[in-house]
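The values are calculated or read from the model by the stated rules, or taken from the named source; none is laboratory data. Because the structure is a prediction, the values reported are computed rather than measured. Cβ placement follows ideal geometry from the backbone for every residue including glycine, while neighbour counts extend to all protein chains displayed.
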Amino acid sequence: MLEVNGIMSAELHETLRETKFNVCIQCGTCSASCPLLVNARSPLNPRMLMLEVAYILRGINPQESLKEHSEVWDCTTCSTCSSRCPRDARPLDVIVGLRRLLLEQGLVPRNLGKMLEKVYMYGNAWGGMEDRAAWAQGLRVRLAQERGEAEKLYFVGCASSYDLRARRIARSTVHVLNSLNVEFSILGGEEKCCGGEAYSLGEKGLFEELANANLEAFERYKVKEVLTSCPHGYNAFKYRYRKAGFEVFHYTTYLTALIDSGRLMFSRKMEKTIAFHDSCYLGKHNGIYDEPRKVLESMPGVRLVEMSRSRKMSMCCEGGGGRMWHDIPGSRLSDLRVKDALESGAEIIATACPFCLLTIEDSIKTLGVENRIAVMDIMELLAECGPRLV
Ligand code: SF4
Ligand code: SF4
């Protein structure tokens, strides 16, 4: 039986027994590196959560319930805590498990509940009801349905399908792939949200429903390769979907292979100083740090600079883990990223994630620095350079 203001010990056991809560040595590295805690954005304290959960589950303090800990909804799922834990205790798994338990009791912030409802009703977190391929109007794009197969699939994702700014990522991706003579298809109306955000919010049932619908489409169209422009989708396909005979690539890794083959050329220069912002789902979750930089450096004229916090030490934009739909008081971490980029001397912040693009663009406007710096997805930059294969 569940109680409203806490999570019962039995439920904790059931949900968290697969996590590695019991290897935590309370060193505090997770809390000391959590960007929300160290920037005083939230009381979220992964070390304390690990301790409280372990006390109950090990029977050291056999209290009947864990208190609500509503601050778990503040977590961006950036994985800084898990990636730096010396014991591989994965505090993020515990946080997602706690979210699942709160969700089951209906203790979910209103905005997040609404967002999950939209995913359930419309198959996308934006609540978009128009054709999912409307962004592709006027472009040369094949639908998987036209040929009945889609060996190479461009999985567009919700943000790039419905958000007016992020749609430019999808349009640029199509432009670049066509310029490189890559044969690809999209699923259009048969593409559903990847479910990555639902999973990180603890909505496992909804995630499985979405994953099954996408997997059925992959099987129907004999998909062998899935190309994503969103690291959240990349991560979901790689780790959360059951193996179904397809490989998944984020476009930065796909393009790196072309660069290595020496066949990628450009007809125009990009005379700009650019800093790359590491997306957490590409970097900390998947260790992809070199590839985006390699793609940027391949563009003629680009001067690549590093922000003081980059690669493994990079800081989250605060858009993951459902936080695109759930704000908390105070200035956002993406504001700090814009300041980091300005200090590095960059004119452009390059991103490889639609969530990062949107949060950073918002911060550029909020800080009133549009005349000093801009944010662009790597695909947008590539499209401007006129890529071609030789
Ligand atoms: S979860 Fe890992 S980093 Fe955090 S206190 Fe425990 S051992 Fe240290
Ligand atoms: S995933 Fe990121 S925001 Fe969440 S607790 Fe860990 S470090 Fe903090």
Residue satisfying all of: in region 53-65; surrounded by fewer than 21 Cβ atoms within 10 Å (Cβ to Cβ) and not in a loop (DSSP other than H, G, I, E, B); farthest from ligand 2 (Cβ to nearest atom) among these: SER65
Mind listing whichever residues of region 27-40 are within 9 Å of ligand 2 (Cβ to nearest atom) and either assigned to a loop (DSSP other than H, G, I, E, B) or in contact with a Pro (Cβ under 8 Å, 6 or more places away or on another chain) (or both)? CYS30, SER31, CYS34, LEU37
Quick one: which residue in GLY127, GLY123 is on the phi > 0 side of the Ramachandran plot and either in contact with a Gly (Cβ under 6 Å, 6 or more places away or on another chain) or buried (at least 18 other Cβ atoms within 10 Å of the Cβ) (or both)? GLY123
So for region 65-81 (the condition being hydroxyl-bearing (Ser, Thr, Tyr) and touching a strand residue (DSSP E or B) at 6+ places or on another chain (Cβ under 6 Å)), does at least one residue qualify? yes
What are the residue pairs meeting all of these: first residue in region 63-89, first residue without any contact (Cβ under 8 Å) to a residue 60 or more places away in the chain, second residue part of a loop (DSSP other than H, G, I, E, B) and within 9 Å of ligand 2 (Cβ to nearest atom), Cβ atoms under 6 Å, and 6 or more apart or on different chains? GLU71/SER42; GLU71/LEU44; CYS81/CYS34
Checklist (1) in the same structural domain as MET376 (by TED's automatic domain parsing); (2) in contact with a His (Cβ under 6 Å, 6 or more places away or on another chain) applied to HIS285, failing item: (2)
SER172 being touching a Gly at 6+ places or on another chain (Cβ under 8 Å) and among the polar types (S, T, N, Q): no
What number of residues within region 186-206 are closer than 23 Å to LEU101 by Cβ and more than 15 Å from the chain's Cα centre (by Cα)? 5
I'd like the full set of residues that are surrounded by fewer than 17 Cβ atoms within 10 Å (Cβ to Cβ), closer than 16 Å to SER83 by Cα and more than 8 Å from ligand 1 (Cβ to nearest atom), limited to region 20-43. ALA32
Can you find a residue that is outside any helix (DSSP H, G or I), away from ligand 2 (no atom under 16 Å from the Cβ) and free of Cβ contacts under 8 Å to residues at least 24 places away in the same chain anywhere in region 131-141? yes
Options ALA159, ALA170: the member that is assigned to a helix (DSSP H, G or I), of a type in the set (A, V, I, L, M) and out of contact with any Ser or Thr (no Cβ under 7 Å at 6 or more places or on another chain): ALA159
Got a number for residues in region 8-26 being touching a Lys or Arg at 6+ places or on another chain (Cβ under 8 Å), away from ligand 2 (no atom under 15 Å from the Cβ) and not in a helix (DSSP H, G or I)? 2
Members of region 67-104 found to be outside any helix (DSSP H, G or I) and either within 16 Å of ligand 2 (Cβ to nearest atom) or not assigned by TED's automatic domain parsing to the domain that holds LEU36 (or both), listed by number: HIS69, CYS75, THR76, THR77, CYS78, SER79, CYS85, PRO86, ARG87, ASP88, ALA89, ARG90
Could you please find all residues in region 66-109 being buried (at least 17 other Cβ atoms within 10 Å of the Cβ), of a type in the set (S, T, N, Q) and more than 14 Å from ligand 1 (Cβ to nearest atom)? THR76, THR77
If I filter region 333-362 down to residues being surrounded by fewer than 22 Cβ atoms within 10 Å (Cβ to Cβ) and charged (D, E, K, R), which single residue comes out as farthest from ligand 2 (Cβ to nearest atom)? GLU347
